[in-house]
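Participant: Got a structure for you, written out below as structure tokens; questions coming shortly.
No value in this document is a laboratory result; all are computed from the given coordinates. Model, not experiment: these values are computed from the prediction. No Cβ is skipped: glycine too gets one built from the backbone with ideal geometry, and neighbour counts run over all protein chains shown.
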Amino acid sequence: MSTADMMTVDGRGLEHPEPLERVLAALEQLQPGQCLRFLIHRQPFPLYDILNRHQYRYETRAVDGGFEILIAKP
Amino acid sequence: MITTGLSLEQAPPFDVPLRFFLTAPWFLVLAALLLLWQGPAVFASRWLPVTLALTHLLTVGFMAQVMVGALLQMLPVVVGVVVPRPRLTAALIHVPLTLGALVLPLAFLSGRPGWFHPAMGLLGFGFGVALTAILIALWRAPVANSTVVALRCALGALLVTLGLGLALGVYWCCGLGLPVIVLTHVHTAWGLLGWTVLLVVGVAYQVVPMLQMTPPYPGWFMRGFAPLMAALLLAWSVLALVGAEGMMKWVGAALAVGIASFAGVTGYLLTRRRRRIGDPTLGYWWIGMTSLLAGALLWWATLLIPALAQQPHIELLLGVLSIFGFAVAVINGMLYKIVPFLAWFHLQAQLLGRAKTPHMKQLLPEKPIRQQWWSCLATLLLLLAAVFHPAVLIYPAALSLGVTGMWLGVNLLGVWRYYRRVLDAGMATESLARS
């Protein structure tokens, strides 16, 4: 995937619930075929809940003591 | 997909925890009314029926109500397990718990043994359902992290507290021959030091670093603290029941040092938070941890200095510090984090991409949180002073308690009403767009 198709939101170290606010704002901008990369210092369970409810596709990997979540539109 | 073994099930509906959170503050108001009605007599001794009525309005009506509601909410998010049939389970806990928290003080106040039957039935059923649902969920938890371990210890302590409470209820209603003084001490210790402190400990491991932006608790502390405290509490109780007072004193001193260390570690972490300007709920943690530390040190001192234990005010001071100063203040602060976040989260979950949702700070601005904090602090100081001068200060303390409880209740109701308004408007916009 080229970098043009990838949006990144870095929520590491931000105060709760700013990471979630930022990633949800970015989700609204996400185009079909684009991928949202979300970096976060803890497992974002509330986000998974919202992604599941709205049928987004996503994948989580543990990276550098935190997590990387790749999200695509349904 | 890697999910580190945690479930991604949906969080329970908003009304599941909310019904507990919106009910609880009004028990503070009821406690204030009781204080106003009975006046200085309430602080004459901890053993008076009216004092026991006041205690249970605070511990069952306010504290346990919020703690159970918060557990039903937290389990899926923190532990990764879901309580089955969440709406039905919540109703089966909330209704009897609320009625029981009203009937038990009436039983103490009326002095009629017959009132203890419905009180025991309601509280036994409500807590029984809560314990069954939450313990099953906790034992099925896919990960046994420090929070899960602390929650298991706290729930075990609630089971002991409930069992002893029911036994004492049998004493009050049927005059069953029981060592009632010792059982009351053990019941109180498991309720406050086991259920309340260990639940706050388990929750603090998660929320203090996350919400107050502090470093995490030390790993060794998180792993060892709750099991060690539960073991000490068990040893203390056995020694109390067999009447080994000498040994009991030393185990009690170790418990007091343990509690003080939790307050100390949390206070230290709070001074090392990454944000210079504190979160509006930070002040509630400060009141809570200072009270817990003061209460633990006072208890420790009474164990080592027998003359101090003879002072008439000590037990009431310990009660005010541990129940209002620690538990009510910390829970009050936590409610201001949980309720607006859940309202915001459920709006996002339902309206994402369909309608604009407010920020969390719009749902509950910082100003009323900081303002109510002053009334919480004033109530603690007035209650402490009223222990020494009840004739003069019990009435201002009661008024302050009523104000702080009502203020909390109104602030939380405001979040719920804002949530309903935004949700209704969002849904209406969506149906218009569809048609």
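Participant: So for chain A: antiparallel DSSP bridges make up what percent, rounded to the nearest 5?
Facilitator: On the way: 13 of 18 bridges.
Given both bridge residues lie in chain A, the antiparallel proportion sits at roughly 70 percent.
Participant: What FRET efficiency do you get for B:Q362 and B:S110 if R0 is 30 Å and r is their Cβ-Cβ distance, rounded to the nearest 0.05? Write down the numbers at each step before the final one.
Facilitator: Values: r = 46 Å, r/R0 = 1.55.
About 0.05, to the nearest 0.05.
Participant: Okay, next question. With the Cα gyration tensor of region B:15-424 giving a ≥ b ≥ c as the square roots of its eigenvalues, does the rule (a/c under 1.5 for rounded; else a/b larger than b/c for prolate; else oblate) give rounded, prolate or oblate?
Facilitator: Numbers: a/c = 1.36, a/b = 1.31, b/c = 1.04.
It is rounded, given that a/c, with a ≥ b ≥ c, falls under 1.5.
Participant: If you place +1 on the Cβ of every Lys and Arg, -1 on the Cβ of every Asp and Glu, and leave all else neutral, what size is the dipole of chain A about its Cα centre, to the nearest 20 Debye?
Facilitator: Numbers: 8 positive and 10 negative charges, 43 e Å.
Its charge dipole is roughly 200 debye.
Participant: Of B:L282, B:A70, B:A428, which is farthest along the charge dipole of the protein assembly as shown in the positive direction, counting Lys and Arg as +1 and Asp and Glu as -1 at C-beta?
Facilitator: Of B:L282, B:A70, B:A428, it is B:A428.
Participant: From Cα pairs below 8 angstrom and at least 6 apart in sequence, can you work out the relative contact order of region B:15-424, rounded to a whole percent?
Facilitator: Values: 539 pairs, mean separation 76.5, N = 410.
That works out to 19 percent.
Participant: Now, a different point. Rounded to the nearest 10 degrees, what's the angle between the helix B:329-351 long axis and the longest principal axis of chain B, both from Cα atoms, 0 to 90?
Facilitator: Helix B:329-351 sits roughly 20 degrees off the main axis of chain B.
Participant: When Cβ neighbours within 10 Å are restricted to other protein chains, what is their mean count per residue of peptide A:14-21?
Facilitator: Values: counts 1, 7, 10, 10, 2, 0, 5, 5.
Across A:14-21, the average partner-chain Cβ count within 10 Å equals 5.
Participant: Under the definition of partner shielding as Cβ atoms of other protein chains within 10 Å of a residue Cβ, what is the mean value for peptide A:43-56? Please report the intermediate quantities before stating the final value.
Facilitator: Details: counts 7, 0, 10, 8, 2, 9, 10, 8, 3, 4, 6, 6, 0, 1.
Mean partner shielding for this stretch: 5.
Participant: Taking neighbour Cβ counts within 10 Å as the exposure measure, how do B:R152, A:R37 sort from fewest upward?
Facilitator: Numbers: B:R152 21, A:R37 16.
So the residues, fewest neighbours to most, are A:R37, B:R152.
Participant: Report the Cα centroid-to-centroid distance between chain A and region B:318-391 in angstrom, as an integer.
Facilitator: After rounding, the separation between the Cα centres reads 30 Å.
Participant: What angle, in degrees between 0 and 90 and rounded to the nearest 10, separates the Cα long axis of helix B:146-174 from the longest principal axis of the Cα atoms of chain B?
Facilitator: 50
Participant: Ranked highest first by average number of other Cβ atoms within 10 Å, how do A:13-24, B:36-47, B:203-214, B:323-334 line up?
Facilitator: On the way: A:13-24: 18.4, B:36-47: 16.5, B:203-214: 20.8, B:323-334: 26.5.
Per-residue mean Cβ counts within 10 Å order the peptides as B:323-334, B:203-214, A:13-24, B:36-47.
Participant: Restricting to DSSP H runs of at least four residues, report the calculated mean residue ellipticity at 222 nm for the protein assembly as shown, -39500 (n - 2.57) per run over all residues, nearest 500 deg cm²/dmol.
Facilitator: -22500 deg cm²/dmol
Participant: Would you check the protein assembly as shown for Lys pairs whose C-alpha atoms are within less than 26 Å, ignoring same-chain pairs closer than 8 in sequence, and give me the count? Walk me through the numbers on the way to the answer.
Facilitator: Details: A:K73/B:K356; B:K337/B:K356; B:K337/B:K361; B:K337/B:K367; B:K356/B:K367.
For the protein assembly as shown, qualifying lysine pairs total 5.
Participant: Taking the Cβ-Cβ separation of B:V238 and B:M427 as r and a Förster radius of 45 Å, what is the calculated FRET efficiency to the nearest 0.05? Present the calculation step by step, with values, prior to reporting the outcome.
Facilitator: Details: r = 57 Å, r/R0 = 1.27.
Calculated value: 0.20.
Participant: Using label points projected 7 Å from each Cα along Cα→Cβ, tell me how many nm separate B:R276 and B:R87, to one decimal.
Facilitator: Roughly 5.0 nm, to one decimal.
Participant: Run the quick spin-label model on A:K73 and A:Q34: label points 7 Å from Cα toward the beta carbon, then report their separation in nm to one decimal.
Facilitator: 0.9
Participant: Further, regarding this structure: Quick check: from the Cα gyration tensor, does region B:226-341 come out rounded (a/c under 1.5), prolate or oblate? Let's see the in-between values first.
Facilitator: Numbers: a/c = 2.31, a/b = 1.99, b/c = 1.16.
Here region B:226-341 falls in the prolate category.
Participant: Further question: What do you get when you divide the Cα radius of gyration of the protein assembly as shown by 2.2 N^0.38 Å, with N the number of residues? Mind showing how you got there, number by number?
Facilitator: On the way: Rg = 23.6 Å, N = 509, 2.2 N^0.38 = 23.5 Å.
For the protein assembly as shown, the normalised Cα radius of gyration is 1.01.
Participant: Between B:W220 and B:I136, what length comes free when the chain is fully extended (0.36 nm per residue of separation minus the Cα-Cα distance, one decimal in nm)? Display every interim value, and only then the final one.
Facilitator: Values: separation 84, 0.36 × 84 = 30.24 nm, distance 2.70 nm.
So the chain would gain 27.5 nm between B:W220 and B:I136.
Participant: A follow-up question, please. Under the 0.36 nm per residue contour assumption, what length would be gained going from the current alpha-carbon distance of B:A144 and B:L176 to full extension?
Facilitator: Numbers: separation 32, 0.36 × 32 = 11.52 nm, distance 4.08 nm.
Net length gain for the segment: 7.4 nm.
Participant: Sticking with this structure for a sec: Once you charge only the Cβ atoms, +1 for Lys and Arg and -1 for Asp and Glu, what is the size of the charge dipole of the protein assembly as shown about its Cα centre, to the nearest 20 debye?
Facilitator: Details: 32 positive and 18 negative charges, 103 e Å.
Its charge dipole is roughly 500 debye.
Participant: Using 0.36 nm per residue of separation minus the Cα-Cα distance, give me the extension gain between B:L304 and B:H389 in nm, one decimal. Please list the in-between numbers first.
Facilitator: Details: separation 85, 0.36 × 85 = 30.60 nm, distance 2.64 nm.
Full extension of this stretch gives 28.0 nm more.
Participant: Once you average over the residues of B:393-404, how many Cβ atoms of partner chains fall within 10 Å of each Cβ?
Facilitator: Details: counts 0, 0, 0, 0, 0, 0, 0, 0, 0, 0, 0, 0.
Per residue, the number of nearby Cβ atoms from other chains is 0 on average.
Participant: Can you give the angle from 0 to 90° between the axis of helix B:180-189 and the longest principal axis of chain B, with both taken from C-alpha atoms, to the nearest 10?
Facilitator: For helix B:180-189, the angle is close to 30 degrees.
Participant: Same structure, new question: Let a ≥ b ≥ c be the square roots of the eigenvalues of the Cα gyration tensor of region A:3-72; is it rounded (a/c under 1.5), or, if not, prolate (a/b larger than b/c) or oblate? Kindly include the intermediate steps, with their values, before the conclusion.
Facilitator: Working: a/c = 1.44, a/b = 1.29, b/c = 1.12.
In terms of gyration-tensor shape, rounded.
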